[in-house]
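Pasting in a structure now, in structure tokens, and then I'll have a few things to ask.
The values are calculated or read from the model by the stated rules, or taken from the named source; none is laboratory data. Fair warning: this is a prediction, and the values are worked out from it, not measured in the lab. Note: ideal-geometry Cβ built from the backbone for every residue, glycine included; neighbour counts use all protein chains shown. Keep in mind that these areas ignore ligands, DNA and RNA; they rest on the heavy atoms of the full protein, side chains included. Shrake-Rupley method; radii C 1.70, N 1.55, O 1.52, S 1.80 Å.
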Number of protein chains: 2
Amino acid sequence: MSHTPGAPGPRQAQKLRTRQALMSASLELLEQQSLSSLGLREVARAVGISPAGFYRHFCGIPELGVALVEETLGSLRTLIATILAETGDTERRIAHTVELIARHVAEQPAYFRFLVRERTGGVAPVRRAIATQLDLFSEELTEVLAAESELRGWQPEDLRMLAGMYVDQMVMTAAALLEAGPDDTAETARITRTARRRLRLINVGSEHWLDEGQPSSA
Amino acid sequence: MSHTPGAPGPRQAQKLRTRQALMSASLELLEQQSLSSLGLREVARAVGISPAGFYRHFCGIPELGVALVEETLGSLRTLIATILAETGDTERRIAHTVELIARHVAEQPAYFRFLVRERTGGVAPVRRAIATQLDLFSEELTEVLAAESELRGWQPEDLRMLAGMYVDQMVMTAAALLEAGPDDTAETARITRTARRRLRLINVGSEHWLDEGQPSSA
DNA sequence: GGAGTCAGTGAACAGTCGTACTCTGAAAAT
DNA sequence: ATTTTCAGAGTACGACTGTTCACTGACTCC
């Protein structure tokens, strides 16, 4: 019988396992190419199933790409939450955030490579999925910033602008770290150093944002 | 005879013409896909030459991509020079710069699409070529900023950091405008508005950069 | 325990791909 | 005027592509 809906059963368990295999194999293959040139057969071959079997999981490569977005950004969810919950003085927060990103990029390069590459890649549905997820992240950050005492009196639009800058800054930092590679420790140090300074500059700017009369129509 | 080295002659003139045709056809094809999935035959077919004829101009798609980087960023050279030579008060400079970018993106979407997409794309030589060109642009901007009276006393490294932020900001603005499409005037207006605010925030930050003791080792 | 579901197989389809080869004909060099 | 150069055509090659189809066999449900 096994009326427990939580228990997947050997059938669906195996299906989920190959589905996961398809996705992780794709991530590996995508380190050297981009999604729009990834072949359906190529992926199927990598996991050892026939090309037709691929269709049992995804109706095509674009759909697999969208699924990869969900998984990838889901896996970064804890990283994001950690960054959002960051407290303490600004300098520490910046240093900790950059270090967190650097560590995650070093540990899971494929995830970030996929996101950074396909964010502007040639597959529209995937591009949209990534944009949606990043917008969601940006919204969460906006709410965190709204609770910040230093940002009291900010207009909601400006808060969103600031959050967007932080998000884009993190993505660009990840991209730069990926380009350097994990072995180039000197370049990695240079990138994280610059990333900290950029965040610091944004922070300084936000501290004096209300000093000048910000035109509400500009 | 025609010993004038400047005169191309009908022979080389025709070769240059088909070479140019190959490149512009590629740019069109690349609006819907990325370079790593662009086919040699596909390009040859688009300009009406045989696949073998392609090799008379490029030894492969990656080489064509690198040539595209040169042409694309060469074509943006005047835009960049205009931005660099910008004078006047900050607010005007920001508004003018953003407007310049928006106009160029609307007029030559394919150029920017190619740069934005392949900047993080799957073809390493092209990625490196774009990075080199953008670094060059960043260096030029650094020198312009060094002459700025408001930035007197800045360390060279901080100037490079600031220039890099401006450059990345422009690239991201172009990317956002491309994603919106030229018809969505409301979204376009929203993007340029946000872009102006971002530049303004960076500017405010740079005005107060030296206020706080900037740790030289952070 | 018998019927149905369904992940995965294997073969076949019509294409496309990159590359290599010889050949042509007009421009260039002598 | 004759020879050389060379952009491009044409052909052929083997390999790879996405998609469809009927099929198998282990699981699920009643």
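Report the relative contact order of the range A:71-207, percent, no decimals, based on alpha-carbon pairs under 8 angstrom and at least 6 residues apart. Show your work: numbers first, answer last.
Values: 89 pairs, mean separation 40.1, N = 137.
The value is 29 percent.
May I pose another question? What distance in nm lies between label points placed 7 Å from Cα along the C-beta direction at A:HIS96 and A:THR78?
1.7
Right, something else. Would you please give the FRET efficiency between A:GLN14 and B:SER24, computed as 1/(1 + (r/R0)^6) with r the Cβ-Cβ distance and R0 = 56 Å, to the nearest 0.05? Before the final figure, lay out the partial values.
On the way: r = 50 Å, r/R0 = 0.90.
Here the calculated transfer efficiency is 0.65.
Show me you know the interface measure: the accessible area buried between A and B, both chains summed, probe 1.4 Å, in Å² to the nearest 100.
Numbers: alone 12910 and 12920 Å², together 21970 Å².
Approximately 3900 Å² gets buried when A meets B.
While we're on this one: Given the options A:MET172, A:THR188, A:GLN155, identify the residue whose Cα lies farthest towards the positive end of the charge dipole of the range A:127-218 (+1 on Cβ of Lys, Arg; -1 on Cβ of Asp, Glu).
Of the candidates, A:THR188 comes out farthest on the positive side.
Let me ask something else. Return the carbon/sulfur percentage of the accessible area of the range A:52-164, one whole number, probe 1.4 Å, all protein chains in place. Don't jump to the answer; show the numbers that get you there.
Values: 2830 of 5320 Å².
Accessible surface attributable to carbon and sulfur in the range A:52-164 totals 53 percent.
What is the average number of partner chain Cβ atoms found within 10 Å of a Cβ in B:203-209?
On the way: counts 2, 12, 11, 3, 5, 6, 5.
Whole-number average of other-chain Cβ neighbours for B:203-209 is 6.
Work out the length of the dipole vector of chain A about its Cα centre, built from +1 on the beta-carbon of each Lys and Arg and -1 on the beta-carbon of each Asp and Glu, and round it to the nearest 20 debye. Can you show the working numbers first?
Numbers: 24 positive and 28 negative charges, 223 e Å.
Roughly 1080 debye for chain A.
I would also like to ask the following. Which listed residue (B:GLY122, B:SER24, B:LEU68) has the Cα farthest towards the positive end of the charge dipole for chain B, taking +1 on Lys and Arg C-beta and -1 on Asp and Glu C-beta about the Cα centre?
B:SER24
Averaged per residue, what accessible area in Å² does the range A:71-207 show with a 1.4 Å probe, protein chains only?
Working: 6010 Å² over 137 residues.
Here the per-residue accessible area is 44 Å².
For A:GLU63, place a label point 7 Å from Cα along the Cα-to-Cβ direction in every copy; what are the distances to the other copies, in nm, shortest first?
Its label point is 4.1 nm from the equivalent points in the other copies.
On the principal axes of its Cα set, how long, how wide and how thick is chain A? Give whole Å, largest value first.
The principal-axis extents, from largest down, are 64, 47, 34 Å.
B:GLN108 versus A:ALA186, label points 7 Å from Cα toward the beta carbon: distance in nm?
Distance between the two pseudo-spin positions: 3.6 nm.
Moving on. What value, in deg cm²/dmol to 500, does the helix sum -39500 (n - 2.57) over DSSP H runs of n ≥ 4 give at 222 nm once divided by the residues of chain A?
Working: 10 runs with 155 residues, N = 218.
It comes out at -23500 deg cm²/dmol, rounded to the nearest 500.
Right, next: Give me the distance between the Cα centres of the range B:84-136 and the range B:142-207, rounded to whole Å.
The distance from the Cα centre of the range B:84-136 to that of the range B:142-207 comes to 11 Å.
Let's test this: bin the Cα-Cα distances of the range B:1-117 at 10 Å from zero up to the farthest pair and state each bin's percent.
12, 35, 26, 18, 8, 1
Let me ask you something else. When each copy gets a label point 7 Å from Cα toward the beta-carbon at B:GLU28, what are the spacings between them in nm, shortest first?
Distances between equivalent label points, in nm: 4.1.
With every protein chain left in place, what is the accessible area of A:THR173 in Å² (1.4 Å probe, nearest 10)?
For A:THR173, solvent-accessible area is about 10 Å².
Below 8 Å between Cα atoms, with a sequence gap of 6+, how large is the relative contact order for the range B:1-120 in percent?
On the way: 55 pairs, mean separation 34.1, N = 120.
After rounding, I find 28 percent.
Before anything else, pin down the relative contact order of the range B:10-61: Cα pairs under 8 Å, at least 6 apart, normalised by residue count, whole percent.
Computed value for the range B:10-61: 33 percent relative contact order.
Follow-up question, since we're still on this one. What size of dipole, in debye to the nearest 20, comes out for the protein assembly as shown about its Cα centre when the only charges are +1 on Lys and Arg C-beta atoms and -1 on Asp and Glu C-beta atoms? Write down the numbers at each step before the final one.
On the way: 48 positive and 56 negative charges, 424 e Å.
Dipole of the protein assembly as shown, to the nearest 20 debye: 2040 debye.
For the range B:10-61, with only Lys/Arg (+1) and Asp/Glu (-1) charged at the beta-carbon, what is the dipole magnitude about the Cα centre, in debye rounded to 20?
Values: 7 positive and 3 negative charges, 77 e Å.
Charge dipole, the range B:10-61, about its Cα centre: 380 debye, nearest 20.
Under a point spin-label approximation (7 Å from Cα along Cα-to-Cβ), what is the B:ALA124-A:TYR55 distance to one decimal in nm?
3.7
Tally Lys and Arg at +1 and Asp and Glu at -1 over the other residues with C-beta under 11 Å from the C-beta of A:TRP154: what net charge comes out? Write down the numbers at each step before the final one.
Values: positive: A:ARG152, A:ARG160; negative: A:GLU148, A:GLU150, A:GLU157, A:ASP158.
Cβ neighbours under 11 Å give a net charge of -2.
Just to confirm the numbers: B:ALA95, label point 7 angstrom along the Cα-Cβ line, distances to the other copies in nm, shortest first?
Label-point separations across copies, in nm and ascending: 4.3.
Tell me the trypsin sites (Lys or Arg not before Pro) within the range A:118-175 that lie in a loop according to DSSP and have at most 14 other beta-carbon atoms within 10 Å.
Working: sites: A:ARG119, A:ARG127, A:ARG128, A:ARG152, A:ARG160; in loops: A:ARG119, A:ARG152.
When the trypsin sites (Lys or Arg not before Pro) of the range A:118-175 are filtered for loop state and at most 14 Cβ neighbours within 10 Å, A:ARG152 remain.
Taking beta carbons within 10 Å but only from partner chains, what does the mean come to for residues A:61-68? Mind dumping the intermediate values first?
Working: counts 0, 0, 0, 0, 0, 0, 0, 0.
For peptide A:61-68, the averaged partner shielding equals 0.
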